[in-house]
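Single-structure report; data block below.
The values are calculated or read from the model by the stated rules, or taken from the named source; none is laboratory data. Please read these numbers as outputs of a predicted model, since none were measured by experiment. Because the Cβ atoms are built from the backbone with ideal geometry, glycine has one as well, and the counts that use them run over all protein chains shown.
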């Protein structure tokens, strides 16, 4: 099926006098990993819960998997790992996944096979018969991922999937997300770990005060801050430094930052350094990180809103 996995034309949610989502619109391509970013209280979890009808939005226009948002049969094609997921600690990992299978309408004859495969996929085969009360945070998250996949969903919503997970566990979860994409699923990830999102997401949206303030592919958004860094043998002479700074370049000690789209635009700076007898020891291309983009966008939104 063609078209976006999720197309939000307008999504608004008010709690009394507080507007958690102020007319959000965004598009999530099918078969992609989409990252939703934002500071605490930005409305990220509210957006996911509104899309899944866990909470009732004040106003919502859009489509999910080609059908109006909230369409019951379509929700059966969705997987969900909530933030701070809680499962009964007296259940085993296998029982949690099997319970979710029953809740999502998986045929009984298929349940055991799916549970076995998912325990293997999330690295919990050896712990499947043990109770959740004996699990670490990371192990619980793995079971949470397994139950989110038990109905073989077309789109999976993961709300802070690596929260409280150690570095090794985060790497494993990242590989699982990449595996979901390889299987053709759309993965919608809400996370505050920008480095993790940057490594797996095809597209991102930044949410602040209930509004999407930036969106697009990671390459496009971070590419706007592309620059080259020249390192010299010893500090740049003061006279030359002043000329370079007057031209809009950043100079600090032995480092010269040159905003440029390609290496050809850097040659004039290299020529000026060489003409002054400066030895160049390194030239490297760099670009704005997703974290730098995020901080800049959120701070800009706050200033526009008159907030400190």
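Brief remarks follow.
- When 236, 298 are checked against the criterion of being assigned to a loop (DSSP other than H, G, I, E, B) and in contact with a strand residue (DSSP E or B) (Cβ under 7 Å, 6 or more places away or on another chain), 236 stands alone in meeting it.
- Meets criteria (over 21 Å from the mean Cα position of the chain (by Cα), in the same structural domain as residue 149 (by TED's automatic domain parsing) and either in a loop (DSSP other than H, G, I, E, B) or free of Cβ contacts under 8 Å to residues at least 60 places away in the same chain (or both)) for residue 62: yes
- Looking only at segment 198-254, and only at residues there that are without any contact (Cβ under 8 Å) to a residue 60 or more places away in the chain and closer than 30 Å to residue 13 by Cα, the one that is surrounded by the fewest Cβ atoms within 10 Å (Cβ to Cβ): 220
- Test: residue in segment 132-154 that is at pLDDT below 95 and on the phi > 0 side of the Ramachandran plot: no
- Just one of the numbered conditions (1) under 22 Å from the mean Cα position of the chain (by Cα); (2) without any contact (Cβ under 8 Å) to a residue 60 or more places away in the chain; (3) surrounded by fewer than 19 Cβ atoms within 10 Å (Cβ to Cβ); (4) not in a strand (DSSP E or B) is not true of residue 27: (4).
- With respect to the conditions (1) in a loop (DSSP other than H, G, I, E, B); (2) buried (at least 18 other Cβ atoms within 10 Å of the Cβ); (3) out of contact with any strand residue (DSSP E or B) (no Cβ under 6 Å at 6 or more places or on another chain), residue 152 lacks only one, and its number is (2).
- Within segment 83-101, the set of residues being touching a strand residue (DSSP E or B) at 6+ places or on another chain (Cβ under 9 Å), part of a loop (DSSP other than H, G, I, E, B) and crowded, with 18+ Cβ neighbours inside 10 Å comprises 85 only.
- Breaking point among (1) at pLDDT below 95; (2) over 24 Å from residue 170 (Cβ atoms); (3) not in a helix (DSSP H, G or I), for residue 73: (3)
- Scan of segment 177-195 for residues that are in contact with a helix residue (DSSP H, G or I) (Cβ under 9 Å, 6 or more places away or on another chain), assigned to a helix (DSSP H, G or I) and surrounded by fewer than 21 Cβ atoms within 10 Å (Cβ to Cβ), ordered by number: 178, 179, 181, 194, 195
- Residues (within 20 Å of residue 187 (Cα to Cα) and touching a helix residue (DSSP H, G or I) at 6+ places or on another chain (Cβ under 9 Å)) located in segment 44-60: 52, 53, 54
- Among the residues of segment 122-149, those that are surrounded by 19 or more Cβ atoms within 10 Å (Cβ to Cβ), more than 30 Å from residue 30 (Cα to Cα) and either touching a strand residue (DSSP E or B) at 6+ places or on another chain (Cβ under 8 Å) or outside the structural domain of residue 168 (by TED's automatic domain parsing) (or both) comprise 128, 132.
- In segment 187-197 there is no residue that is at pLDDT below 90, at positive phi and in the same structural domain as residue 37 (by TED's automatic domain parsing).
- Test: residue 251 is at pLDDT 90 or above, outside any helix (DSSP H, G or I) and outside the structural domain of residue 197 (by TED's automatic domain parsing): yes
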